[in-house]
Amino acid sequence: MSLNSNIPSGPMGMKWSKHKQDSKLINPKNKRKFTVLVVGSGLAGSSAAATLSELGYKVKCFCFQDSARRAHSIAAQGGINAAKNYQNDGDSVHRLFYDTVKGGDFRAREANVHRLAEVSVNIIDQCVAQGVPFAREYGGMLANRSFGGAQVSRTFYARGQTGQQLLLGAYSALNKEIASGGVKMYPRTEMLDLVTVDGHAKGIVTRDLVTGKIESHAGDAVLLCTGGYGNVFYLSTNAMGCNVTATWRAHRKGAFFANPCYTQIHPTCIPVSGDYQSKLTLMSESLRNDGRVWVPKKKEDCGKAPDQIPEADRDYYLERKYPSFGNLAPRDISSRAAKEACDDGRGVGPGGRGVYLDFAEAIGQFGAKTIAERYGNLFDMYERITGESAYKRPMRIYPAVHYTMGGLWVDYNLMSNLPGLHVLGEANFSDHGANRLGASALMQGLADGYFVIPTTIANYLVNEKPGSITTEHPEFKKAVENCTAQTKRFLNIKGKRSVDSFHRELGLLVWDKCGMARTKEGLTEAINRIPALREEFWQNVNVPGSGDFTNPELEKAGRVADFMEFAELLCLDARHREESCGGHFRSEHQYPDGEAKRDDENFSYAAAWEYTGNLSQPILNKEPLAFEEVHLAVRSYK
Amino acid sequence: MSQLNLHLKVWRQNGSQPGHFQDIDAPDIPDHASFLEMMDIINERLISKGEDPVAFDHDCREGICGACSMQINGVPHGPAKATTTCQLHMRKFRTGDTIWVEPFRARAFPVLKDLMIDRGAFDRIQQAGGFVTVRTGAPQDANALPIGKEVADAAMDAAECIGCGACVAACKNASAMLFVSAKAGQLNSLPQGQPEKDRRTLGMVRQMDKEGFGNCTNQYECEAACPKEISVRWITKLNRDYAVASLKDALGNSPKEAGGGD
């Protein structure tokens with residue numbers, strides 16, 4: 001099938017203006033006849049639901065958390081990028097666009113990225129007007145910092161909790177619309193399936209997580225704002241509830257899943273301490289502004305206390321390998337370098353999977369007080385978790401899965417190949433290519449929700465008759481029956497193993513074979529082993545309790561069942577992409593110095609996978625990527 | 001790393017039925033585990049014995065989503081200062097300890113199952129005015145409105161609230177004043193929040209009363225229990241803002257009558 005990305009014609013800098021001009025309008029009286037279902041209440045979902053309601057659409061918004069405010073966007077620490085150039089340091093829309101395309105290792109769609117950079121400035125205006133308390137200077141102007149490999153200071157932040165503050169802003173806009181009656185909110189409600197009628201997305205089936213009731217909701221369009229699939233690795237920095245179910249169910253109904261192998265590993269997380277571990281905690285990347293990363297030069301020093309290792313015996317490997325970026329090298333590069341050091345037997349801490357992030361020099365230079373002002377909350381968090389003080393000894397850090405660039409394929413209107421199904425934020429594939437730059441996730445979630453979808457959704461709705469499909473349609477009945485049957489099936493297995501034990505096993509396998517470095521051989525092994533694990537899951541999982549009441553084990557079972565299927569596609573995509581780019585590193589494809597080797601001739605496309613009913617044999621559709629503005633180049637940070 | 005042998009007394013309850021404490025032995029708990037990881041281990045063991053695992057709310061497990069909500073040995077979020085349940089680690093306990101685990105208790109937070117409660121009241125309070133009425137796309141340039149660093153920092157202090165409800169659980173009257181004052185205070189102290197200040201204050205306080213939260217008697221248990229260390233000074237500010245808004249309301253200058261026509 002050929003994919004039409006619907007990129008507007010004209011010069012890059014004019015495409016979005018032109019598209020806004022050419023987009024359809026729906027008159028205010030008619031807007032209120034349309035119902036839009038928004039699944040997810042993070043930055044993308046809350047901002048979209050609020051803005052669509054402001055415009056006059058009827059909105060239903062769903063989240064599995066007990067409050068919209070708890071969606072996982074809340075946990076983002078570092079900041080949000082915007083091309084404001086308030087620092088007069090040479091930033092511009094073009095430079096943010098360029099950095100994002102290059103940072104994505106030339107695997108993103110240029111037109112989308114340019115739009116993202118353009119609307120970035122509006123996001124900051126919007127958030128400030130809502131009362132988001134960004135950091136400020138004494139003169140009352142907004143403060144900025146340089147972040148995650150950028151050479152300009154374009155990151156806006158609110159202490160170490162920018163995500164919470166932006167989400168609370170979007171949530172307040174959502175509350176305003178709930179109060180006005182424009183949005184009906186469904187907390188503790190999980191989407192179990194997408195309902196399509198004649199190929200169009202016309203509704204969803206949900207489970208009320210308190211009463212267990214399975215219900216149908218009809219709408220004229222469906223927006224999935226359901227985040228990423230990082231929890232396929234079991235251990236990640238994602239919240240425990242993050243899952244692939246909504247996007248995977250949509251995939252099974254025909255939506256193409258693009259570039260699942262682009263997964264981001266964040267370099268600065270607290271290392272694993274034992275097999276009881278339920279999640280990994282990220283330490284903000286901003287720590288790398290003052291911390292120096294090192295491991296012992298000699299393997300035999302790894303067991304020594306760090307202050308017993310003299311300077312001469314330390315390998316500050318990022319500074320050595322990337323002199324111009326040093327400790328601020330981009331995420332994928334820093335992560336792989338940490339893995340290499342540990343693979344080389346020079347890792348520190350339990351299991352040898354850790355490297356030091358050392359603040360001794362910064363404390364010597366600026367004083368402990370200044371460092372506490374900058375990172376106090378992070379140092380406290382580190383001490384709570386590890387029992388060690390980073391003021392006295394270097395932190396131990398190790399990379400962990402953090403974000404997923406892949407997601408459902410969407411066109412320029414953020415609509416998937418299924419008409420009516422729109423996908424926003426981390427759940428789609430469009431803006432970050434093979435690697436996302438720091439402080440760009442928040443930007444994309446809010447860009448999609450506040451500024452893109454409110455314009456582009458009309459291009460779909462204008463041709464639809466509002467309310468034409470109701471929950472009486474046989475497709476709803478069928479979907480409800482399927483979901484009810486799945487619940488019964490889980491409860492009747494009565495096997496020997498818990499849901500978590502399967503999730504853990506799947507996660508370890510995927511992390512091992514499809515984590516920071518991948519090989520054809522390892523991926524093939526994973527692809528062979530996943531179906532057997534899936535089979536065992538369906539034979540031997542133990543889901544206690546009943547379907548008609550609160551049952552967290554049942555919720556987890558549904559999510560893990562979908563991860564079991566998705567994991568195979570993830571590995572198939574990683575095996576098919578015979579190149580290294582961004583977060584996807586194939587050990588077979590590297591330069592002699594260990595740098596990622598892209599293959600632009602053969603792989604300059606987005607891989608959009610089509611479900612066939614056979615999980616092992618999806619169909620590959622390709623959207624070729626053309627680079628008009630940014631010239632393809634080796635992504636070097638030396 | 002060492003292992004702890006613990007004994008738990010865990011609150012079990014199904015919906016509106018009466019609840020009870022269940023005795024659960026918890027041997028061999030790694031002291032590096034978090035409190036919720038300890039609960040995971042216990043649940044694995046219960047499941048393998050064919051028993052009903054303990055239901056509890058949790059999500060981010062890094063102290064920011066505000067989902068976790070356990071009363072541990074009578075203290076919301078347990079013994080560590082400025083720490084959510086998910087960030088509490090078992091090294092704070094000693095082998096042989098008996099630990100009481102209950103849900104946050106308040107009439108306005110009904111128990112759903114075991115340690116899970118319904119905090120929908122917090123959402124409804126914010127829907128009653130916890131926002132600035134501004135349309136997407138309408139604002140001016142962000143730097144056109146200078147806000148002094150002190151004002152911005154103070155607003156940020158209030159904005160750190162994670163909406164967990166520990167303040168309510170700590171209060172003998174189950175008052176929500178710390179939460180409401182932080183939420184209203186953030187916006188009431190910023191220039192963006194001025195036009196709707198009275199309407200917001202009255203709306204949120206009235207909704208708080210309607211939800212069945214108790215009155216504040218200035219004993220500051222809320223501040224001591226708050227994982228984000230929100231200051232009770234916000235309550236002072238809310239009382240002041242409320243007095244002004246009520247007076248205007250009583251004098252007939254009701255915010256409800258404000259607003260223009262098209």
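Below, the figures for the structure above:
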read-out	value
Residue B:37 vs. criteria facing chain A (nearest Cβ under 7 Å) and either under 29 Å from residue A:68 (Cα atoms) or touching a Ser or Thr at 6+ places or on another chain (Cβ under 7 Å) (or both)	yes
Filter result for residue A:142 (touching a residue at least 40 places away in the same chain (Cβ under 8 Å) and within 20 Å of residue A:71 (Cβ to Cβ))	no
Yes/no for residue A:530 being in the same structural domain as residue A:589 (by TED's automatic domain parsing), in contact (Cβ under 8 Å) with a residue 24 or more places away in the chain and out of contact with any Phe, Trp or Tyr (no Cβ under 8 Å at 6 or more places or on another chain)	yes
Within the range B:7-30, tally of residues that are in a strand (DSSP E or B), within 14 Å of chain A (Cβ to nearest Cβ) and not polar (S, T, N, Q)	6
Test: residue A:105 is buried (at least 24 other Cβ atoms within 10 Å of the Cβ), touching a Gly at 6+ places or on another chain (Cβ under 9 Å), in a loop (DSSP other than H, G, I, E, B) and at positive phi	yes
Those residues of the range A:370-401 which are within 14 Å of chain B (Cβ to nearest Cβ), among the aliphatic types (A, V, I, L, M) and either under 30 Å from residue A:258 (Cβ atoms) or without any contact (Cβ under 8 Å) to a residue 12 or more places away in the chain (or both), in sequence order	A:400
Among (1) touching a Cys at 6+ places or on another chain (Cβ under 7 Å); (2) not in a helix (DSSP H, G or I), the one test that residue B:235 misses	(2)
Test for residue A:345: is it free of Cβ contacts under 8 Å to residues at least 12 places away in the same chain and either assigned by TED's automatic domain parsing to the domain that holds residue A:304 or of a type in the set (D, E, K, R) (or both)	no
Residue that is nearest to the other protein chains (Cβ to nearest Cβ), among those in the range A:52-110 that are closer than 24 Å to residue A:241 by Cα and of a type in the set (Phe, Trp, Tyr)	A:64
The range B:72-90, residues that are assigned to a strand (DSSP E or B), more than 7 Å from chain A (Cβ to nearest Cβ) and under 27 Å from residue A:273 (Cα atoms)	B:72, B:76
Criterion violated by residue A:280 - all others in (1) assigned to a helix (DSSP H, G or I); (2) under 23 Å from residue A:78 (Cβ atoms); (3) out of contact with any helix residue (DSSP H, G or I) (no Cβ under 7 Å at 6 or more places or on another chain) satisfied	(1)
Yes/no for residue B:119 being of a type in the set (Lys, Arg), buried (at least 22 other Cβ atoms within 10 Å of the Cβ), within 26 Å of residue A:551 (Cβ to Cβ) and in contact with a Leu (Cβ under 8 Å, 6 or more places away or on another chain)	no
Residues of the range A:220-240 classified as closer than 16 Å to residue A:45 by Cα and either in contact with a helix residue (DSSP H, G or I) (Cβ under 7 Å, 6 or more places away or on another chain) or among the small types (Gly, Ala, Ser) (or both), total	7
Filter pass, residue B:180 being within 11 Å of another protein chain (Cβ to nearest Cβ) and either closer than 22 Å to residue A:67 by Cα or part of a helix (DSSP H, G or I) (or both)	no
Enumeration of residues in the range B:91-116 that are within 20 Å of residue B:38 (Cα to Cα) and at the interface with chain A (Cβ under 10 Å from one of its Cβ atoms)	B:91, B:92, B:113, B:114, B:116
Sole exception among (1) more than 7 Å from chain B (Cβ to nearest Cβ); (2) modelled with pLDDT of 95 or more; (3) under 19 Å from the mean Cα position of the chain (by Cα) for residue A:149, by number	(2)
Qualifying residues in the range A:551-584 (those that are in a loop (DSSP other than H, G, I, E, B) and modelled with pLDDT of 95 or more) - the one surrounded by the most Cβ atoms within 10 Å (Cβ to Cβ)	A:580
Residue that is farthest from residue A:233 (Cα to Cα), among those in the range A:295-306 that are touching a helix residue (DSSP H, G or I) at 6+ places or on another chain (Cβ under 7 Å) and either among the β-branched types (Val, Ile, Thr) or not in a loop (DSSP other than H, G, I, E, B) (or both)	A:301
Qualifying residues in the range B:138-147 (those that are surrounded by 14 or more Cβ atoms within 10 Å (Cβ to Cβ) and in a loop (DSSP other than H, G, I, E, B)) - the one farthest from the other protein chains (Cβ to nearest Cβ)	B:145
Residue list for the range B:148-168, restricted to those being assigned to a loop (DSSP other than H, G, I, E, B) and without any contact (Cβ under 8 Å) to a residue 24 or more places away in the chain	B:148
Residues that are within 12 Å of chain B (Cβ to nearest Cβ) and part of a loop (DSSP other than H, G, I, E, B), drawn from the range A:40-51	A:41, A:42
Positions within the range B:40-68 being facing chain A (nearest Cβ under 8 Å), of a type in the set (Val, Ile, Thr) and touching a strand residue (DSSP E or B) at 6+ places or on another chain (Cβ under 8 Å), in sequence order	B:41
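Rundown of residues vs (1) in contact with a Cys (Cβ under 9 Å, 6 or more places away or on another chain); (2) within 14 Å of chain B (Cβ to nearest Cβ); (3) under 29 Å from residue A:187 (Cβ atoms), yes/no style:
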| site | (1), (2), (3) |
| --- | --- |
| A:531 | no, no, no |
| A:545 | no, yes, yes |
| A:549 | no, yes, yes |
| A:562 | no, no, yes |
| A:574 | yes, no, no |
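Yes/no matrix, rows are residues, columns are (1) within 30 Å of residue A:155 (Cβ to Cβ); (2) touching a residue at least 12 places away in the same chain (Cβ under 8 Å); (3) surrounded by fewer than 24 Cβ atoms within 10 Å (Cβ to Cβ):
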residue	(1), (2), (3)
A:23	no, yes, yes
A:28	no, yes, yes
A:40	yes, yes, no
A:44	yes, yes, no
A:47	yes, yes, no
A:56	no, yes, yes
A:62	no, yes, no
A:69	yes, yes, no
A:76	yes, yes, no
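Per-residue answers, yes or no, for (1) within 30 Å of residue A:463 (Cα to Cα); (2) hydroxyl-bearing (Ser, Thr, Tyr); (3) surrounded by fewer than 23 Cβ atoms within 10 Å (Cβ to Cβ); (4) more than 14 Å from chain B (Cβ to nearest Cβ):
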residue: A:332; (1), (2), (3), (4): no, no, no, yes
residue: A:353; (1), (2), (3), (4): no, no, yes, yes
residue: A:368; (1), (2), (3), (4): no, no, yes, yes
residue: A:403; (1), (2), (3), (4): no, yes, no, yes
residue: A:412; (1), (2), (3), (4): yes, yes, yes, yes
residue: A:420; (1), (2), (3), (4): yes, no, no, yes
residue: A:423; (1), (2), (3), (4): yes, no, no, yes
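The values are calculated or read from the model by the stated rules, or taken from the named source; none is laboratory data. Model, not experiment: these values are computed from the prediction. For neighbour counting, all protein chains shown are included, and Cβ atoms are generated from backbone atoms with ideal geometry for every residue, glycine included.
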